[in-house]
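Participant: Dropping the structure in here first, questions after.
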Amino acid sequence: MDGQQFQDAPEAAVDELPVTEWETIEIELLIEGIYLAYGHDFRHYLRSSLRRRIRNRMYQDGAATVTELLGKVLHEPGYVNKLVNDFSIKVTEMFRDPSFFKAFRERAVPLLGKLPEIRIWHAGCSTGEEVYSMAILLQEEGLLDKAKIYATDMSEHAIEQAKAGKFPLKRMQTFTRNYMQAGGTKEFSAYYSTDRDYAIFNRSLAEHMMFAQHNLATDSTFNEFHVVLCRNVMIYFNPELQDRVHRLFHDSLTDDGILGLGSMEYLIAPWKQHYEELADGERLFVKKAINA
């Protein structure tokens, strides 16, 4: 990719520029540099996804080559956090894929209701919309008081946003529609207050949440969970990393624990044999007991 050609291109066209051998080499060096210097491991992320985000960062910062970004990563304090935040996928919304949450309410909740306590892990929680969605669902089903929701993401910036529990007011129409389609039983507006720009969700929901940084590519399990949700995250991973993450989730789940994936994700071999489908057409699965 020619540096001048990149700088002269309009922002919308940057992603359409041809991929060159030099750019491919530079991206590999950048990813390896981030890993060696800071331990953030993106080596098994799909290159097409990373390239798009690297180019966007170059455009925003006026860098003509990927090597310029590597120099900033190695010599500018805190610059690596920009890239980690860029690489964190933040395409999300409350009650995303409403049929998934409706199926969770109808099929998973009766199983969870039998437990004395409920531990849920939202892996790759982004800015927290689905975490608050789950808390609302559990409250409506009378389960929130005995639940603890652990929400993790590799991006510190995303975690801080999630902790705040405030989302743009302009998105509430979409969120409300999703909530109703997911089987919501109240007025959605009862769960938040507003200022001029944001909907600020009730702090009583956040009392049942714990937020922390966690990298699925490098970090291990940290508890035993009755539910693990990781939705539309693994689509950005290569097969090797997908296998690692499936092992991590399997090790983290109790027997008969519930795994929820995104609408574009599937159980992969050999992990298919360890689960049974919980809801037809939805990515909800129950882990088989070891002696099953």
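Participant: Sort through T194, T176 and tell me the only one that's under 14 Å from M94 (Cα atoms) and in the same structural domain as A103 (by TED's automatic domain parsing).
Facilitator: Details: T194 fails: under 14 Å from M94 (Cα atoms).
None of the other options fit; the residue is T176.
Participant: On to the next question. For segment 255-263, state whether one or more residues are assigned to a loop (DSSP other than H, G, I, E, B) and open to solvent by 40 Å² or more (accessible area, probe 1.4 Å). Before the answer, list the steps.
Facilitator: Kept after step one, since they are assigned to a loop (DSSP other than H, G, I, E, B), are these residues of segment 255-263: 262-263.
After this cut, where a residue has to be open to solvent by 40 Å² or more (accessible area, probe 1.4 Å) as well, the list is 263.
The answer is yes; a qualifying residue exists.
Participant: Do we find a residue being open to solvent by 70 Å² or more (accessible area, probe 1.4 Å), modelled with pLDDT under 95, of a type outside the set (F, W, Y) and assigned to a loop (DSSP other than H, G, I, E, B) anywhere in segment 34-50?
Facilitator: yes
Participant: Taking T218 and the conditions (1) assigned to a helix (DSSP H, G or I); (2) at pLDDT below 95, which numbered condition does it fall short on, given that it satisfies the others?
Facilitator: With (1) assigned to a helix (DSSP H, G or I); (2) at pLDDT below 95 applied to T218, the lone miss is (1).
Participant: So which residues in segment 51-67 are free of Cβ contacts under 8 Å to residues at least 40 places away in the same chain, open to solvent by less than 10 Å² (accessible area, probe 1.4 Å) and not small (G, A, S), if there are any at all? Walk me through it before giving the result.
Facilitator: Start the filter on segment 51-67 by keeping residues that are free of Cβ contacts under 8 Å to residues at least 40 places away in the same chain, which leaves 51-54, 57, 60-61, 63.
After this cut, where a residue has to be open to solvent by less than 10 Å² (accessible area, probe 1.4 Å) as well, the list is 54, 63.
The one that is free of Cβ contacts under 8 Å to residues at least 40 places away in the same chain, open to solvent by less than 10 Å² (accessible area, probe 1.4 Å) and not small (G, A, S): I54.
Participant: Quick one: which residue in S263, S252 is in contact with a helix residue (DSSP H, G or I) (Cβ under 8 Å, 6 or more places away or on another chain) and not assigned by TED's automatic domain parsing to the domain that holds H44?
Facilitator: Numbers: S252 fails: in contact with a helix residue (DSSP H, G or I) (Cβ under 8 Å, 6 or more places away or on another chain).
Checking each option against the conditions leaves just S263.
Participant: Also, quick follow-up: Looking only at residues that are at pLDDT 95 or above and not in a helix (DSSP H, G or I) in segment 232-254, which one is nearest to the chain's Cα centre (by Cα)?
Facilitator: Step by step, filter segment 232-254, then rank; the result is L253.
Participant: While we're here: For E224, all conditions in the list (1) open to solvent by 40 Å² or more (accessible area, probe 1.4 Å); (2) closer than 18 Å to S49 by Cα hold save one; what is the number of the exception?
Facilitator: Checking E224 against (1) open to solvent by 40 Å² or more (accessible area, probe 1.4 Å); (2) closer than 18 Å to S49 by Cα, the one that fails is (2).
Participant: A further question on this structure: Could you list all residues from segment 21-45 that are polar (S, T, N, Q) and within 17 Å of S155 (Cβ to Cβ)? Even if it seems obvious, please write down each step before you answer.
Facilitator: Looking only at segment 21-45, we keep the residues that are polar (S, T, N, Q), and these are 24.
Scanning segment 21-45 gives no hits.
Participant: I'd like the residue in segment 151-190 that is touching a helix residue (DSSP H, G or I) at 6+ places or on another chain (Cβ under 6 Å), part of a helix (DSSP H, G or I) and of a type in the set (S, T, Y) and, out of all such residues, is most open to solvent (accessible area, probe 1.4 Å). Even if it seems obvious, please write down each step before you answer.
Facilitator: Taking segment 151-190 first, the residues touching a helix residue (DSSP H, G or I) at 6+ places or on another chain (Cβ under 6 Å) are 151, 153, 155, 157, 165, 176, 178-179, 181-183, 185, 188.
Those left that are additionally part of a helix (DSSP H, G or I): 157, 176, 178-179, 181, 188.
This time we only want the ones that are of a type in the set (S, T, Y), so: 176, 179.
Working: T176: 45, Y179: 0 Å².
Restricting to residues being touching a helix residue (DSSP H, G or I) at 6+ places or on another chain (Cβ under 6 Å), part of a helix (DSSP H, G or I) and of a type in the set (S, T, Y), the top hit is T176.
The values are calculated or read from the model by the stated rules, or taken from the named source; none is laboratory data. From a predicted model like this one, the values you see are computed outputs, not experimental measurements. Heads up, the Cβs are rebuilt from the backbone with ideal geometry, glycines too, and the neighbour counts pull from every protein chain shown. With ligands, DNA and RNA removed, areas are computed over all heavy atoms of the protein, side chains included. Shrake-Rupley method; radii C 1.70, N 1.55, O 1.52, S 1.80 Å.
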